[in-house]
Amino acid sequence: MLQNLFTVGQQVVILFILIAVGVLLGRRRVINDTGAAVITDVVLYVVAPCVIIQAFQRPFDAAMLRGLLLSLLLAAAATVLSIALGYLCFHDKNAARRRVLRFAAVFSNCGFMGLPLQEAVLGADGLFYGSAFLVVFNLLAWTWGLAVMSGDRQILSAKKLVLNPGILGVIIAVALFLGSVTLPTVIYQPVHYLAALNTPLPMLVIGYHLSHANLRRAFTAGACWLSMALRLLIVPLLALLGMKLCGVEGTQMVSLVISVAAPVAALCTMFSAKFKNDTELSVSLVSASTLLSIITMPVVIALAQLLA
């Protein structure tokens, strides 16, 4: 247990060193709002799809396909559980605040923090199963999440969902996996180089937001503590218990726990700003939960490794 805790903790500290660089660049104004937005777009539209495509670059294996389908089911179950708990726990009369609290409790930073940690701790197989969680994240964040944060169900668009870069990357990656298609070196190497940016770039963006965050609000409001507790501890531990009872183990269990245990998704702030919700609250939740995750993630992940 202690060895697992040290190993995961070391990887989390490495990520936080990169985040600290982002904080410094933000305070020195080397990165500004425009720069952070551009970096985020690069990660979402280019880097993340390349990460998924690279993770699926392997010969077709029926057992891995079954594992992928099971991971999709488990990821959906964990997210639905989070949604139910969010509705149960948050009834703030202020709609803008209520929407942010619910969204923060449901959606983890499974792409920005989950994928780098899965790769560092578990390797290629961890990324493979982690991509399943990212599929569910994209599907539900751009449907239920969009409807919740906008307050308008009519905003949903099948076209926007299908053209979401995360979904397109998965479609391409799965097609290559099912056909056992190996990309030629001249194509694979650029994909590999772009995928390698998935660790440093997101950490710099998170650090930038931390450099401008007012953490006092998140650390003094009871509802914020509850939202972060759901995000960082309650849902991950319930998901871990559920997987153990269902007989899920090994790399698959640990990979999914990493995705579930990640802090509040950066998308919370993006949607909050877009639909004029409580943006300051969303930044506080993203930043505070990211800081707290340096303690919670190693403990939860080490427990998962022990049980796996």
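Here are the numbers for the structure shown:
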{"item": "Residue among Val13, Val47 that alone is surrounded by 19 or more Cβ atoms within 10 Å (Cβ to Cβ) and among the hydrophobic types (A, V, I, L, M, F, W, C)", "result": "Val47"}
{"item": "Qualifying residue in the stretch 98-115 (condition: farther than 15 Å from Ala265 by Cβ and assigned to a helix (DSSP H, G or I))", "result": "yes"}
{"item": "Inter-residue pairs, beta-carbon under 7 Å, first of a type in the set (Phe, Trp, Tyr) and in the stretch 272-299, second outside any loop (DSSP other than H, G, I, E, B), 6+ apart", "result": "Phe275/Met149; Phe275/Ser150"}
{"item": "Cross-chain or 6+ apart pairs with Cβ under 6 Å, the stretch 85-109 first and farther than 21 Å from Ala261 by Cα and in contact (Cβ under 8 Å) with a residue 40 or more places away in the chain, then buried (at least 16 other Cβ atoms within 10 Å of the Cβ) and of a type in the set (D, E, K, R)", "result": "Asp92/Arg98; Ala96/Asp278; Arg97/Asp278"}
{"item": "Only listed residue being crowded, with 17+ Cβ neighbours inside 10 Å, modelled with pLDDT of 90 or more, of a type in the set (A, V, I, L, M, F, W, C) and over 15 Å from the mean Cα position of the chain (by Cα), chosen from Val300, Val264, Val254, Val283", "result": "Val300"}
{"item": "Selection within the stretch 226-245 - over 18 Å from Leu291 (Cβ atoms) and free of Cβ contacts under 8 Å to residues at least 12 places away in the same chain", "result": "Leu241, Leu245"}
{"item": "Helices (runs of 4 or more DSSP H) contained in the stretch 212-308 and holding at least 1 residues more than 27 Å from Asp152 (Cα to Cα)", "result": "215-220, 222-229, 235-245, 250-261, 279-307"}
{"item": "Count - residues of the stretch 7-34 that are in contact (Cβ under 8 Å) with a residue 40 or more places away in the chain and outside any loop (DSSP other than H, G, I, E, B)", "result": "19"}
{"item": "Answer from Leu115, Leu65, Leu134 - the residue that is farther than 29 Å from Gln10 by Cβ and either hydrophobic (A, V, I, L, M, F, W, C) or touching a residue at least 24 places away in the same chain (Cβ under 8 Å) (or both)", "result": "Leu65"}
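The values are calculated or read from the model by the stated rules, or taken from the named source; none is laboratory data. Note that this is a predicted model, so its numbers are computed, not measured. Every residue, glycine among them, receives a Cβ derived from its backbone with ideal geometry; neighbour counts consider all protein chains shown.
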